[in-house]
Structures are given as structure tokens and as C-alpha cells.
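Enquirer: Just passing along the structure, written as C-alpha cells.
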Amino acid sequence: MKRIIITFIITMFVLILNQPENLKSTSNNPPVFVNLPQTLSIYAGTPFSYEVLAYDADGHTLIYYLREPPAGVLINSNKGLISWNNPLAGTYYITVGITDSFSPVVLSTLTLIVKIPPHFLNLPAHLYASTRVPLVFHLEMVGGSDTQFNYGFRGGAPPNMKIDERKGIISWEKPITGNYQIAVSVEDGVSLIESYLYLRVIDPAMPLPKITHSTNNVQGINVSTVKIPPNTNLVPRLVLGKNSIKGREDFKSIISRTKAIAAINGAFFNA
């Protein structure tokens, strides 16, 4: 009897040692997310990518997938890389799932906030000032992150011109005659935006440039001609037409083709 019992115990021990690896234990540890945050903020129009990391204590291969993602949002099933080539402004809830094929699927949701990129609201093409009046101009921004904007000069600002780093107010107590190309920048904690402010300071005591205007009949069509002296940096408030001349083309043909209503320094313009 004792020999039978000993033989049975030895047999069972050998069977346990030789059984397949996946049958030795019925327990399995589910995978866990390592780095998936609750919320992320990005800018619309900027390609987005984020690699989701997960850990499996049993060393099983993990498979990643998305549950009902927004249009255009993809994930690499093997590497967990989420990508979106052209994010649209809005708030999105992206549910990520991982599985090791042995335990129930583990889910986690990422709130993705897509914001409008920051940009200048009131930066003019040209700004004019007088030597007799202190210059004050308030830069305004829209979009961006929820943090405070930080304003600054990147170059070109004349001596004694100041900018309020928090409010974006440009001030110059005693403007000096001249033309200035001022590089301004704004940082919102996520990105740095740069642009140029073109400033012209005029001395009212100086004589105004002499601008002449005449209307001439050219081959049966009235053409208005405006002559502006050189080196005045005046900007015509007209829309430039298709003013390229096609070989030896007469005025009547140019006017008919471009629908011009004025010619300024040899360039044809229309409304």
C-alpha cells in the first residue's frame, strides 16, 4: 500500500513538472497603463502624436486599440502610438484599450482639448505716428493656451520704446522721425509667435509730399494717373490688378484686360 501511494505521488509530481507552461498557473495579471494622462492640450492644424505606454507583469504581448475615436485619429496596434494629422478645434474623448489576450480589456479615456492657435488680432500692416504725440499701441491676441501671454521685442525697436510684457502695450514717449520694422513676439507657455510691426513716424512740421493726379483719355478710355514722389513710403489704398504687360501691348489692351481704374507709378490698379 505504501509503495502504491509513493508511486502515485512521484507520478503526479512528474506530470506537474512536464505540463505546458500556460497550464501551470491559472492566474493572470491584467496590463496597466503607464503614462496615459487624463487631459492633453494641443493646437488645431498641428499634427499630433502621443505614444501610450503600458506594462504587463506576465510579459505578454499587448495589443492597443481605440474605441469609437474621432475622425482621423489612429493608433498603432503594436506600439500604441496615437496620431492625428489635422486636429480640429474642440474637445474630444479618446478611449484607449489594451489587452494581453488572456484577461479582460483594460480601458482608459484621454480628454484631448484642441485649441485655436494664438494669433494677433489687431496687428496693422502699417502704423503711423507723429513726433508731437506719445505713441501708445495695444497688441491684442486671441486663441492660445489658458496661461498669461508674454509680450516682447525680438529686434528693430528704437531706443526708449517699451512694451508691457503682460499687457502687450507698446509705448514711446518721444517718437523720432523715421521708418521702423519692429519684430514683436508673444509666448503663451506652449508656443512662440513672431510678427512684424511697420511703423512710420512723421514730423508734422515737415512739408507734405506733393502728390499729383490727372485724368487722360487714352484711345477712347479715361485713365486716372496718380504720381507719388519717390522715398515717401506712402501705401496706395487700392487693390493691385493684373498689371503684367504681355509683350508689346498697348494701353487700351492693358486697361481692357486688367479692368484698371488707376495707374500709379506705372502699375495698373483696380477696385
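Bear in mind these aren't lab numbers, they're just calculated from the coordinates by the rules spelled out. Bear in mind the structure is a predicted one, so any value in this text is a computation, not a measurement. Cβ atoms come from the backbone with ideal geometry, glycine included; neighbour counts cover every protein chain shown.
Enquirer: Please state, as a whole number in µm²/s, the translational diffusion coefficient that the Stokes-Einstein equation yields for segment 30-115 at 37 °C and 0.692 mPa s, with Rh defined as the Kirkwood radius across alpha carbon pairs. Display every interim value, and only then the final one.
Expert: Working: Rh = 13.2 Å.
Using the Kirkwood radius from Cα pairs, D works out to 249 µm²/s.
Enquirer: Same structure, new question: Long-range amide H contacts for Met141: which residues qualify at under 5 Å (H placed 1.01 Å from N, peptide plane, sequence gap of 5 or more or a different chain)?
Expert: Those lying under 5 Å, H to H, from Met141 are Leu121.
Enquirer: Next up: If I stretch the segment between Phe102 and Gln38 completely, what's the gain in nm (0.36 nm per residue apart, minus their alpha carbon distance), one decimal?
Expert: That pair, Phe102 and Gln38, stretches by 20.4 nm at full extension.
Enquirer: Separate question: Based on the Kirkwood radius over alpha-carbon pairs, what is the Stokes-Einstein translational diffusion coefficient of segment 70-138 at 37 °C with 0.692 mPa s viscosity, in µm²/s?
Expert: Taking Rh from Cα pairs, D becomes 194 µm²/s.
Enquirer: So, one more: Let me check the size of segment 29-77 from its C-alpha atoms; what are the radius of gyration and Dmax in Å?
Expert: Radius of gyration, then largest Cα-Cα span, for segment 29-77: 13.1, 40 Å.
Enquirer: Can you tell me the length gained on complete extension of the stretch Ile116 to Asn85, counting 0.36 nm per residue apart and subtracting the Cα distance?
Expert: 9.6 nm
Enquirer: Which residues' amide hydrogens lie under 5 Å from the amide hydrogen of Gly168, considering only partners 5 or more residues apart or on another chain, with H built in the peptide plane?
Expert: Hits under the 5 Å cutoff: Tyr151.
Enquirer: Also: Using the charge dipole of segment 35-164 (Lys, Arg: +1 at Cβ; Asp, Glu: -1 at Cβ; taken about the Cα centre), state which of Ile98, Ile63, Leu88 has its Cα farthest towards the positive end.
Expert: Leu88
Enquirer: Taking 0.36 nm per residue of separation and subtracting the Cα-Cα distance, what length does fully extending Ser214 through Glu165 add?
Expert: 12.8 nm
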